[in-house]
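Encoded as structure tokens, the structure appears first; notes follow it.
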Amino acid sequence: MPAEAVPGGPLPVPAGFKGDSPPASAEPKYYRLNLKLKAEYKEYLERASWEAHKSITQYINDLIGADSGARDKKKRTHRT
């Protein structure tokens with residue numbers, strides 16, 4: 001009896017199905033980080049992200065983006 005005919009058995013795999021994983025050559029969209037911060041930063045992050053109408057994750061991403069942009073600008077202006 002074929003697998004697809006068995007009640008509760010495995011389902012047939014559609015043609016061209018490659019699974020849930022992205023191709024090996026694809027760049028990951030996000031970088032996960034388990035970040036340990038000082039306890040006093042918790043209230044600051046909650047308040048600052050709330051005032052900016054952003055999640056804490058988005059707030060930190062924006063801080064890093066701004067810092068990265070400032071560093072790039074500094075490198076461009078201090079070349080000899």
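Would you mind stating whether Leu45 is within 19 Å of the chain's Cα centre (by Cα), in contact (Cβ under 8 Å) with a residue 12 or more places away in the chain, surrounded by 10 or more Cβ atoms within 10 Å (Cβ to Cβ) and in a helix (DSSP H, G or I)?
In short, yes.
From (1) at pLDDT 85 or above; (2) surrounded by 10 or more Cβ atoms within 10 Å (Cβ to Cβ), pick out the condition that doesn't hold for Lys38.
Going through (1) at pLDDT 85 or above; (2) surrounded by 10 or more Cβ atoms within 10 Å (Cβ to Cβ) one by one, Lys38 breaks only (2).
The values are calculated or read from the model by the stated rules, or taken from the named source; none is laboratory data. In this text the structure is predicted, and so the values were computed from the model without any measurement. In this analysis, Cβ positions are derived from the backbone assuming ideal geometry, glycine residues included, and neighbour counts consider all displayed protein chains.
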